[in-house]
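Read-outs: derived from the displayed coordinates by stated rules, not from any lab. Only a predicted model underlies this, so the values are computations on that prediction, with no experimental measurement involved. All Cβ positions, glycine included, derive from the backbone under ideal geometry; neighbour counts span all protein chains shown.
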Amino acid sequence: MERNFDFEKIEKRLPYTVPDGFFDRLEADVMREAGITTGKPACIRRRLWHKMTLAAASAAAAVAMCVVMNVETCGRQAYGYDDVEQAFSGLSNDDQAYILQVYQDDIFMNQ
Amino acid sequence: MKTDNRQTTYSDERIVKAMRKSPEEGFRLLMGKYREPVYWHIRRLVVVHDDAQDAAQEAFVRIFRSFDTFRGDCSLGSWIYRIATNEALRAAERNKEGHRLLRAAEEATLLLPADNYIDYTDLEAVRLQKAILSLPRKQQLAFNMRYYDGLSYAEIADATGSTAANVKANYHAAKEKIVNYMNSND
């Protein structure tokens, strides 16, 4: 029987297959045997590190901003006399007496 | 060097630079590009998946551990294929089961479960691999690396310790023998 074999018909077809996920497992096994410790690619580890650093820096900046803004806003917040009187009247008699005693000689309040 | 479109297409120059700067990161790029070509190159020589898996793993570990010896006097791909070929030939010598499987499959004397990772129903493909494996080793290597991997004659010469002229002669001799085999009644 004459056959007419043609490389172009069969191209690069192989009768071989591999299990699903084989190449990823192969890579992981090689890394482990070669003593390359981490499971994440180096580029992903660097991105995670950058994100963590950025998050920490942002948190620190936010805390610093809160501290600064809290100090600044305390001084600028405008309380009326009525607000102060209302707050004072809410205190107990002993507390009111204590405050009056402490501040009766205050040189700034009694200028 | 041509690569399968599925592979990450980092150039060999970039991989070498990365390996010198950061071996771990560079090696991930190398594996991304070469893990499939190396495996299939080995598989075509040893046939059995388990043997190819072991040899491929050995090859890559050797590549990583001996990268300091790569001087750049040949292409990275040639150097990698040389190591992979050596591991494949060692495995093929240790275990000749693969050739027996193909022979039996073609003769329809063997019924094997699909988990051998060989498609015995593709008779033409099985027969072609048997034809290639029946060639002298140098013709086998020249044919496989040229036909399946698209390596140049010079790259194959570097990988096999030969000359480009010899590789070219081996390749054409291999092709002719394969065509004769495939067209015969054997």
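List of remarks:
- For the set A:Lys9/B:Lys96; B:Lys130/B:Lys177; B:Lys138/B:Lys175, the pairs lying more than 22 angstrom apart at their alpha carbons are A:Lys9/B:Lys96.
- Scaling the Cα radius of gyration of region B:29-71 by the globular reference 2.2 N^0.38 Å produces a ratio of 1.18.
- Shielding by partners for peptide A:21-32, expressed as the average number of C-beta atoms from other protein chains within 10 Å of each residue's C-beta, is 5.
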